[in-house]
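The values are calculated or read from the model by the stated rules, or taken from the named source; none is laboratory data. Just so we're clear, the structure is a prediction, and the values are computed from it rather than from any experiment. Here the Cβ positions follow ideal geometry from the backbone for every residue, glycine too, while neighbour counts run over all protein chains shown.
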Amino acid sequence: MKYHFIEEPLLEFGKDEHFCPRQGIANYDVYDTKFTARKTEILIGIVGISEDVEKLNAWLERCKSFIPSKANTKQPQLFTSFCGFNENTGFRSKFITSTEITRVINNTDIREILKIKNRNECVTQAVELFSDHIRFIAQNKLVDLIVCIVPKSFENKIVIEKKTEEEIEERLDAEEKPELEINFRRALKASTMFLGKPLQLIREYSLSNPSKGQDEATKAWNFCTALYYKAMQTVPWKLKRDINLPMVCYVGISFYRSRDKKSIQTSLAQIFNEKGNGVILRGTPVEIDKKDRQPHLSDKQAYDLLLSALKEYKFALDTQPARLVLHKSSKYSIDELDGFRKAINDAGISSYDFVTIKETDIRFFRDGFYPPQRGSMFSLSETSHILYTRGSVDYYKTYPGLYIPSPLEIRTVEFDSSPNVICEEVLALSKMNWNNTQFDGKYPITIACARKVGEIMKYLSEADKPQIRYAFYM
């Protein structure tokens, strides 16, 4: 067994580099300030009951200014002051709201919906109510995104409280139960996707109860960064790239089931460049392999899905990569490998790596109170490697988690790059999460986005045309 420590990957911002998104934005501005043709105003449509709209406007006003970090903390780098969202600091932009682009929902309509005893019907009516207001703004007003405030009265009736990723260690192979009840967030995003305006849902309690959950500065960092990413059609930061190396694209191949978990699974491709820009592509239904009980593509399906993703990528980003890295959370079948190879060859790509990223029950321990460091890589063989993407972080001076961190197993199936390079990229891609500015994400964006996209996709019919931007799913 060999041990290798991967230093925290650097990110590129407007004026310089840093490995922390918060410090990078605050000190060096968002990445797209490098470009002349960029927007500086974000028009926010709002949907909610009257008092919630007032709370959101007050919160947006608060976010314009500096917000100090958590008081008396022992980890000042983990709890960073918010620089403020305005034209003179890191984001170099401002939010614009107005009654002209706000739709106020009547409390009477909310009360009528809550009288419905059947929960699925209740949620369906709630989705339709919000969808109608979203549709009006999207079709009649000029906005960049729409923020929907979930009222307090929806809690435990329409929106069921669930543990968040921060509260419990998430697993890719966690058992999925049939989604017999309609999920309000997923159904709303799916039903309004055709309108072409990203949604941001925020629950009323996060606006009215500052003592619950994250501290105010952290909440502002995550909220404003998510809005910026969704509205600006750009990225606040990107991976640092060695200009002497060929252009790379990263592809995640995954599958999602219908809501009842009984129907045939459908394939999905997520393809990203080094900036984090990318496209989402829905494939075709696949069969479950009788031997390993896993979904697999036929060679033609693998060929068509990857080649279609590469064509969409080239059209959307106006570039063709010289190297392709393909991530899957399940093993590759012989047919899949054949199809992927042919697609890569026909696309004129000269170098590729096929990688499996899986959960593992293997754990390592170190002396003292803290788990292994994020970036710890243990090579069990030439093709099997254990990588800690979550763990102790020297910069934070702690392990920012509640549970023993579980590492990932990185299996190199076919590869032109070294295992060290492949694992370094996995660690770097774990930082491409614009919903969370804490940089120690567990999964690379290629894998992390799969579940989020699949959750929304299962609410779309075959006739519905999915959006290709990740902003519509996060």
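Taking the criterion of being in contact with a strand residue (DSSP E or B) (Cβ under 9 Å, 6 or more places away or on another chain) and either in a helix (DSSP H, G or I) or of a type in the set (Lys, Arg) (or both), the residues of region 326-342 that qualify are Lys328, Lys331, Asp335, Glu336, Leu337, Phe340, Arg341.
Going through (1) in the same structural domain as Ile182 (by TED's automatic domain parsing); (2) surrounded by fewer than 20 Cβ atoms within 10 Å (Cβ to Cβ); (3) not aromatic (Phe, Trp, Tyr) one by one, Thr218 falls short only on (2). Condition first: touching a His at 6+ places or on another chain (Cβ under 8 Å) and among the β-branched types (Val, Ile, Thr). Can you find one or more residues in region 307-328 that meet it? Checking region 307-328: not a single residue is touching a His at 6+ places or on another chain (Cβ under 8 Å) and among the β-branched types (Val, Ile, Thr). Scanning region 379-410 for residues that are surrounded by fewer than 19 Cβ atoms within 10 Å (Cβ to Cβ) and either farther than 15 Å from Asp440 by Cβ or among the aliphatic types (A, V, I, L, M) (or both) yields Ser379, Leu380, Ser381, Glu382, Thr383, Ser384, Leu402, Ile404, Glu409.
Within region 86-102, residues that are free of Cβ contacts under 8 Å to residues at least 60 places away in the same chain reach partners that are acidic (Asp, Glu) and in a loop (DSSP other than H, G, I, E, B) with beta carbons closer than 6 Å, at six or more positions or on different chains, in the pairs Lys94/Glu87. Here Ser406, Ser381 are screened, and the one residue that is assigned to a loop (DSSP other than H, G, I, E, B) and over 25 Å from the mean Cα position of the chain (by Cα) is Ser381.
How many residues, within region 236-286, are at pLDDT 80 or above, in the same structural domain as Pro321 (by TED's automatic domain parsing) and in a strand (DSSP E or B)? Residues flagged as at pLDDT 80 or above, in the same structural domain as Pro321 (by TED's automatic domain parsing) and in a strand (DSSP E or B) within region 236-286 amount to 26. Would you check if there is a residue in region 67-84 being in contact (Cβ under 8 Å) with a residue 60 or more places away in the chain and surrounded by fewer than 14 Cβ atoms within 10 Å (Cβ to Cβ)? Yes, region 67-84 contains a residue that is in contact (Cβ under 8 Å) with a residue 60 or more places away in the chain and surrounded by fewer than 14 Cβ atoms within 10 Å (Cβ to Cβ). Of the set (1) more than 23 Å from Gln200 (Cβ to Cβ); (2) without any contact (Cβ under 8 Å) to a residue 60 or more places away in the chain; (3) under 23 Å from the mean Cα position of the chain (by Cα), all apply to Cys20 but (2).
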